[in-house]
Amino acid sequence: MSSLPTHYEQIPVTTLASGRELFIPLHRLEGRSAGPTLGLTAVVHGDEPLTNEVIRQVLMRVDPAALRGTILAVPVVNALAFESLTRHTPIDQLDLNRNFPGSPSGWLSEQIAHVLSTRFVSHLDVHVDLHTGGVFPTVDYVYLFEKSRELSLAFGSRFLFAPTQPYQGTFAVPARERGIPFFTAELGGGSFLDAHYIEHGVRGVLNVLRQLGMIDGEVIRPPQQTVVTDMAVIRPRVGGVLYPEIGLDQLGAEVPGDTLLGRVLSPYTFETLEEIRAPFERGIMILLRGGIMRVNPGDYGYMVANAATARPA
Ligand SMILES: [Zn+2]
């Protein structure tokens, strides 16, 4: 039984080889008066458990008596990936968030995506999908899509990313097909500053509810918000142990080109295998690694936005 003032149900997906039933958990928080339906999703990537706590706290803090409309919240989208603390679904090794809108006859991840598209997003007027940097990296920005401008701004992150070429197959796909506003918030990860990022996420969602008129109160935004359009994802070319050369305090800060961000060392010979440097003449740190940690070749190493393309929101 849920200890929250929500109605809890499970949307069936399939039966696993283990005999266990795979389902999508869904909390419904009904307001006393009419209004839009906001969808919230967490743990689409199984290695981003902080987002689950954001949803729990939002559902605890919103008073149904003061809510106009309905919140439909999925606290764990990919239970199998959550169980293994992996980004991808272990059974088919696919990234659920690259397989929307899914297919009822496809790989397991596609089947999960299809159930979400047809049984969850199909009920929404607005959708916010919560992410983190994963087990190791720490991140702080929100996406800015065509229909989401006011809501993305209201979330209250300092940096907004309007990609010229969005990733294909994300949760944005069923929202786009339905014609509703959608955005992704990226906050925290790496088990660094968890309390800060949980609070940031909860405040962000409450701001979205205010912006939609679903609860009363002023939207609280930081004094300066910046839109970036050019983002470099820097992936280590070799695996080993990453030694950060800039700290978590540099998240959101400007770094000059060629700044040494981190080094990959061999854990066997201790020699430096790779130096990772800032790519743009003026860059803004969007994702970084806050401690000494293992990296694989091709991991999300760092994300740096090109400050030359940055504009005030
Ligand atoms: Zn993610």
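With respect to Ser103, determine if the residue is crowded, with 18+ Cβ neighbours inside 10 Å and either in contact (Cβ under 8 Å) with a residue 40 or more places away in the chain or away from the ligand (no atom under 15 Å from the Cβ) (or both).
Spelling it out, it is not the case that Ser103 is crowded, with 18+ Cβ neighbours inside 10 Å and either in contact (Cβ under 8 Å) with a residue 40 or more places away in the chain or away from the ligand (no atom under 15 Å from the Cβ) (or both).
In region 286-295, is there at least one residue being in contact with a Ser or Thr (Cβ under 9 Å, 6 or more places away or on another chain), part of a loop (DSSP other than H, G, I, E, B) and within 19 Å of Ala185 (Cα to Cα)? The answer is no; no qualifying residue exists. Listed here are the strands (runs of 3 or more DSSP E) enclosed by region 217-259 that have at least 3 residues being over 30 Å from Arg61 (Cα atoms) and within 21 Å of the chain's Cα centre (by Cα): 231-234.
Name the residue that is nearest to Ala195 (Cα to Cα), counting only residues in region 50-87 that are within 11 Å of the ligand (Cβ to nearest atom) and not small (Gly, Ala, Ser). Break it down into steps so the answer makes sense when it comes.
First, the residues of region 50-87 that are within 11 Å of the ligand (Cβ to nearest atom): 50-51, 77-78, 81, 87.
From what is left, the residues that are not small (Gly, Ala, Ser) are 50-51, 77-78, 87.
Working: Leu50: 9, Thr51: 12, Val77: 22, Asn78: 23, Arg87: 22 Å.
The residue in question is Leu50.
Report, by residue number, each residue of region 137-175 that is surrounded by fewer than 17 Cβ atoms within 10 Å (Cβ to Cβ) and closer than 20 Å to Gln211 by Cβ. Selection gives Glu146, Lys147, Arg149, Glu150.
Only one of the listed residues (Asn296, Asn306) is in contact with a Gly (Cβ under 6 Å, 6 or more places away or on another chain) and touching a residue at least 24 places away in the same chain (Cβ under 8 Å). That residue is Asn296.
Inside region 23-49, residues that are in contact with a helix residue (DSSP H, G or I) (Cβ under 9 Å, 6 or more places away or on another chain), away from the ligand (no atom under 13 Å from the Cβ), among the charged types (D, E, K, R) and touching a residue at least 40 places away in the same chain (Cβ under 8 Å) make up a count of 1. Is it the case that some residue within region 138-145 is within 25 Å of Asn78 (Cα to Cα), at pLDDT below 95 and in contact with a Pro (Cβ under 8 Å, 6 or more places away or on another chain)? Yes, region 138-145 contains a residue that is within 25 Å of Asn78 (Cα to Cα), at pLDDT below 95 and in contact with a Pro (Cβ under 8 Å, 6 or more places away or on another chain). Taking region 158-174 as the range and being away from the ligand (no atom under 16 Å from the Cβ) and touching a helix residue (DSSP H, G or I) at 6+ places or on another chain (Cβ under 7 Å) as the test, the residues that pass are Leu160, Pro174.
The set of residues in region 112-151 being closer than 26 Å to Arg235 by Cβ and not in a strand (DSSP E or B) consists of Ala113, Thr132, Gly133, Gly134, Val135, Phe136, Leu144, Phe145. When residues in region 1-11 are screened for being part of a strand (DSSP E or B) and touching a residue at least 24 places away in the same chain (Cβ under 8 Å), 1 of them pass. Just one of the listed residues (Thr272, Thr184) is modelled with pLDDT of 95 or more and either crowded, with 18+ Cβ neighbours inside 10 Å or touching a helix residue (DSSP H, G or I) at 6+ places or on another chain (Cβ under 7 Å) (or both), and it is Thr184.
The values are calculated or read from the model by the stated rules, or taken from the named source; none is laboratory data. Not measured: the values here are computed from a predicted model. Glycine also receives a Cβ, built like all others from the backbone with ideal geometry; neighbour counts cover every protein chain displayed.
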